[in-house]
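All of the numbers you see were taken from the coordinates with simple rules; none came from a lab. These numbers were taken from a predicted model, which means no experiment stands behind them. Here the Cβ positions follow ideal geometry from the backbone for every residue, glycine too, while neighbour counts run over all protein chains shown.
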Amino acid sequence: MWIQYSARMVKIISWNIAGRHTLWHTLLAMDADVALLQEAAPPALKLPARVEIDPSPWHTAGAGLNRPWKAAIVKLSDRVQVEWIEARSIADAEWADCSSCPSRSAET
């Protein structure tokens, strides 16, 4: 994700909403530009046109469990522009995509 903004402060919220659909109302009422949400379930309401959510699926992988939530990046205002970059799991990422992958020396 790349965020571009004018010469003013950008308000970012980081929040674990624990899968609660009702917290989207609260989030939209805040005067924030971007939200970084953990355990976000899809909103149960129609979002205003200014709001964009990263395009990754509403699912978190792991141990065969049903996890219908994700870590979501949400553009909340027109004061910022967001360029979405495709998210990939470490298993699916190519070496050039992965800044947090184990070093190549660990593979040999």
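A Förster radius of 35 Å, combined with the Cβ-Cβ distance separating residue 58 from residue 8, puts the computed FRET efficiency at roughly 0.65. Stretching the chain fully between residue 21 and residue 92 yields a gain of 22.6 nm (0.36 nm per residue, less the alpha carbon separation). Here the label points at residue 49 and residue 77, each 7 Å from Cα along the C-beta direction, are separated by 2.0 nm in the simple model. Could you work out the local net charge near residue 8, counting Lys and Arg as +1, Asp and Glu as -1, over the other residues with Cβ closer than 12 Å to its Cβ? So the environment of residue 8 carries a net charge of +1. In a shell of Cβ-Cβ distance under 13 Å around residue 80, excluding residue 80 itself, what net charge do Lys and Arg (+1) and Asp and Glu (-1) give? The answer is 0.
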